[in-house]
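The values are calculated or read from the model by the stated rules, or taken from the named source; none is laboratory data. Just so it is clear, the structure is predicted and the values come from calculations on it, not from any experiment. As a convention, Cβ positions derive from the backbone with ideal geometry for all residues, glycine included, and neighbour counts pool all protein chains shown. Just the protein is used for accessible areas: all its heavy atoms, side chains included, with ligands, DNA and RNA removed. Shrake-Rupley method; radii C 1.70, N 1.55, O 1.52, S 1.80 Å.
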Amino acid sequence: MANRGPSYGLSREVQEKIEQKYVAELEARLVDWILLQCGDDLERPEPGKQNFQKWLMSGTILCRLINSLYPSGIEPIKKITETKMAFKQMEKISQFLQAAEEYGVTRGDIFQTVDLWEGKDMAAVQRTLVALGSEALTKDDGHFRGNKDWFHRKAKVQKREFSEEQLRQGRRLIGLQMGSNRGASQSGMVGYGTPRQIMRHDSPRHNGNESDSNP
């Protein structure tokens, strides 16, 4: 495409593709990341959406992936068992999804278990894995492995920390600003819609003499 942006990171163009359909070139990137993240004992799947689905559908690799993003000893999924029982595999997928959300992936980016296990929406699976990779890259806690250009680094919210003394000074300033209005009066003010009385400078009332000036 003529308007294609830089190839590094997750561009808006790729994000839009993920939302629309399964992206073959993204599959290769995700496989590379998972292999590096989980270790050398995994076998690379043959290219193709169905092969990618079969590679992940047991839930074992996904559980290993999320565990690899935590320090040893505090992994979210304590026991990963190999099994061919369907409900056990779906249970592992659910464990991964819950752990991914707790890790920071937004619920809108989390696929449904059947999307993977039944292959109903592999594009949604890609979306979750991309979101997870971006979250891991953004955390920058030393547990992400792979090329940092594979994912988009999310903008960090800058939090300002104030000391107790700064907070006290702020409250004091607000109090002074509020107190500056004390002692003000409505003298000389007229109600809304009330006509103003204009007096001549030499008027007795103006000079403080309100006695009747008529002889």
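Computed values, structure above
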quantity: Residue in the stretch 68-76 that is of a type outside the set (S, T, N, Q), buried (at least 21 other Cβ atoms within 10 Å of the Cβ), out of contact with any strand residue (DSSP E or B) (no Cβ under 8 Å at 6 or more places or on another chain) and part of a loop (DSSP other than H, G, I, E, B) present; calculated: yes
quantity: The lone exception for Ala124 - which of (1) open to solvent by 20 Å² or more (accessible area, probe 1.4 Å); (2) without any contact (Cβ under 8 Å) to a residue 24 or more places away in the chain it fails; calculated: (1)
quantity: Filter result (of a type in the set (Lys, Arg) and closer than 16 Å to Leu56 by Cα) within the stretch 81-111; calculated: Lys84, Lys88, Lys92
quantity: The stretch 1-40 - residue that is farther than 22 Å from Leu62 by Cβ and acidic (Asp, Glu) and, of those, modelled with the highest pLDDT; calculated: Glu13
quantity: Residue that is most open to solvent (accessible area, probe 1.4 Å) [pool: residues in the stretch 84-103 that are modelled with pLDDT of 95 or more and small (Gly, Ala, Ser)]; calculated: Ser94
quantity: Residue within the stretch 148-156 that is under 28 Å from Gln50 (Cα atoms), at pLDDT 70 or above and either among the acidic types (Asp, Glu) or open to solvent by 100 Å² or more (accessible area, probe 1.4 Å) (or both) present; calculated: yes
quantity: In the stretch 127-143, the residues that are open to solvent by less than 80 Å² (accessible area, probe 1.4 Å) and either modelled with pLDDT under 85 or more than 22 Å from Ile93 (Cβ to Cβ) (or both); calculated: Leu137, Thr138, Asp141, Gly142
quantity: From the options Glu46, Glu102, residue that is of a type in the set (Asp, Glu) and within 19 Å of Trp117 (Cα to Cα); calculated: Glu46
